[in-house]
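Inspection log for the structure reproduced underneath, given as structure tokens.
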Amino acid sequence: PHCHFRLSKTHVAAYQPVTLDLRNWIVLRGEQPPSTPAGPIQLPRGRLDLTIFLPVGSEAGKYEVQVSPKMGKPLVTATGSAVIQNGITVLKINLDTFRLNPGNYVLGIGHPGEATNFYPLLVKK
């Protein structure tokens, strides 16, 4: 029985595949506010094997992803490289949200050292 318990515990620690589709989050230059789908992005708590479809027109290359409170320093950061597949810019990273309390955060995605795009994020219970 002890072995089974250990096995299930390591199983829980495995990275959980999650896909975020940000292609509809279009930031328009000019007068109009950014058009966003209803509600914030939602992520579960845990170790996430995250696949992000970046907004249309995003370039391939290195990206940094951060989760921060509304005001304040990032609590979690991860870096990864995006590639363009079938016209979609796809970024794959491992992000550990396990220690975050459920609630509202800001998800920042951008090239290191350049402007970051911020998205409202809800971390689920």
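What's the total number of residues in region 87-125 that are open to solvent by less than 30 Å² (accessible area, probe 1.4 Å) and polar (S, T, N, Q)?
Taking region 87-125 and keeping what is open to solvent by less than 30 Å² (accessible area, probe 1.4 Å), we get 89-91, 93, 95, 97, 100, 103, 105-110, 119, 121, 123.
From what is left, the residues that are polar (S, T, N, Q) are 89, 97.
The qualifying residues number 2.
Name the pairs whose Cβ atoms lie under 7 Å apart, with the first residue in region 74-99 and more than 17 Å from residue 118 (Cα to Cα), the second among the acidic types (Asp, Glu) and surrounded by 14 or more Cβ atoms within 10 Å (Cβ to Cβ), and 6 or more positions between them or separate chains?
94/49
Starting from residues that are in contact with a Leu (Cβ under 6 Å, 6 or more places away or on another chain) and more than 16 Å from residue 73 (Cβ to Cβ), keep the ones in region 105-125 and report whichever is modelled with the highest pLDDT.
Out of the qualifying residues, it is 123.
The conditions are (1) within 23 Å of residue 14 (Cα to Cα); (2) over 14 Å from the mean Cα position of the chain (by Cα); (3) modelled with pLDDT of 95 or more, and residue 95 fails exactly one of them. Which is it?
Evaluating residue 95 over (1) within 23 Å of residue 14 (Cα to Cα); (2) over 14 Å from the mean Cα position of the chain (by Cα); (3) modelled with pLDDT of 95 or more leaves (2) as the failure.
Could you list all residues from region 42-86 that are polar (S, T, N, Q) and surrounded by fewer than 16 Cβ atoms within 10 Å (Cβ to Cβ)?
Here is the first cut: in region 42-86, the residues polar (S, T, N, Q) are 42, 51, 58, 66, 68, 77, 79, 81, 85-86.
Passing the criteria: 42, 51, 77, 79, 81, 85, 86.
The values are calculated or read from the model by the stated rules, or taken from the named source; none is laboratory data. Worth saying up front: this structure is predicted, and the values here are computed from it rather than measured. We place every Cβ from the backbone using ideal geometry, glycine too, and count neighbours over all the protein chains shown. Just so you know, the surface numbers come from the protein's heavy atoms only, side chains and all, with ligands and any DNA or RNA stripped out. Shrake-Rupley method; radii C 1.70, N 1.55, O 1.52, S 1.80 Å.
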